[in-house]
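Structure record follows, encoded as structure tokens.
The values are calculated or read from the model by the stated rules, or taken from the named source; none is laboratory data. Please read these numbers as outputs of a predicted model, since none were measured by experiment. Quick reminder, even Gly has a Cβ in these numbers, built from the backbone with ideal geometry, and neighbours come from all protein chains shown. Surface accessibility is based on the protein's heavy atoms, side chains included, excluding ligands, DNA and RNA. Shrake-Rupley method; radii C 1.70, N 1.55, O 1.52, S 1.80 Å.
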Amino acid sequence: EVQLVESGGGLVQAGGSVRLSCAASGFKFDDHAIAWFRQAPGKEREGVLCISSNDDGSQYYLDSVEGRFTMSSDNAENTVHLQMNSLKPEDTAVYYCAAKRTFLMSTSTAAQDYWGQGTQVTVYT
């Protein structure tokens, strides 16, 4: 069964950091485009960081997180991570990892083939 399992969310003080993990089973991350989305209460789900699987593929960073959020991958463990630093209250949301079967990334929720269950990140002041 294809699954994405997320972990690492929680409550964090503004200015702090949190590292989310997303482990895949049933497919390999290294031949899929990977994306992180988030959805705050009452708002639409938005792309946060989206990266194509090929080295020359497109990348997308939400302007408000660029320089603070970074994605990394561990192909041996078939796991990707989202490192979130200098967190702000407006970063509070449910965070989802997603994957699509083709190489080129997409910022569209509809284009994603697989979704994690989501993990809550709450930033307080």
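Report the residue count in region 1-47 for those that are closer than 18 Å to Tyr124 by Cβ and among the hydroxyl-bearing types (Ser, Thr, Tyr).
Within region 1-47, residues that are closer than 18 Å to Tyr124 by Cβ and among the hydroxyl-bearing types (Ser, Thr, Tyr) number 1.
Which of the residues spanning region 83-107 are open to solvent by 50 Å² or more (accessible area, probe 1.4 Å) and touching a residue at least 60 places away in the same chain (Cβ under 8 Å)?
Asn85, Ser86, Lys88, Pro89, Arg101, Thr102, Phe103, Leu104, Thr107
Assigned to a loop (DSSP other than H, G, I, E, B), within 18 Å of Val5 (Cα to Cα) and touching a helix residue (DSSP H, G or I) at 6+ places or on another chain (Cβ under 6 Å) - does that describe any residue in region 74-91?
The answer is yes; a qualifying residue exists.
Within the bounds of region 48-58, is there any residue that is under 16 Å from Gln120 (Cβ atoms), open to solvent by 70 Å² or more (accessible area, probe 1.4 Å) and assigned to a loop (DSSP other than H, G, I, E, B)?
No, region 48-58 contains no residue that is under 16 Å from Gln120 (Cβ atoms), open to solvent by 70 Å² or more (accessible area, probe 1.4 Å) and assigned to a loop (DSSP other than H, G, I, E, B).
Quick one: Glu44 ticks every box in (1) in contact with a helix residue (DSSP H, G or I) (Cβ under 9 Å, 6 or more places away or on another chain); (2) open to solvent by less than 40 Å² (accessible area, probe 1.4 Å); (3) part of a loop (DSSP other than H, G, I, E, B) bar one, so which box is it?
Condition not satisfied by Glu44: (2).
Restricted to region 108-125, and to residues that are among the hydroxyl-bearing types (Ser, Thr, Tyr) and not in a loop (DSSP other than H, G, I, E, B), which residue is surrounded by the fewest Cβ atoms within 10 Å (Cβ to Cβ)?
The extreme case among them is Tyr124.
Could you identify the single residue in Arg38, Arg19 that is in contact with a Leu (Cβ under 8 Å, 6 or more places away or on another chain), on the phi < 0 side of the Ramachandran plot and of a type in the set (Lys, Arg)?
Result of the check over Arg38, Arg19: Arg19.
Restricting attention to region 61-70, and to residues there that are under 14 Å from Arg38 (Cα atoms) and part of a strand (DSSP E or B), which single residue is modelled with the highest pLDDT?
My answer is Phe69.
Among the listed residues Val80, Val5, Val18, Val12, identify the single one that is within 18 Å of Asp113 (Cβ to Cβ) and either touching a residue at least 60 places away in the same chain (Cβ under 8 Å) or touching a Gly at 6+ places or on another chain (Cβ under 9 Å) (or both). Break it down into steps so the answer makes sense when it comes.
Working: Val80 fails: either touching a residue at least 60 places away in the same chain (Cβ under 8 Å) or touching a Gly at 6+ places or on another chain (Cβ under 9 Å) (or both); Val18 fails: within 18 Å of Asp113 (Cβ to Cβ); Val12 fails: within 18 Å of Asp113 (Cβ to Cβ).
The match here is Val5.
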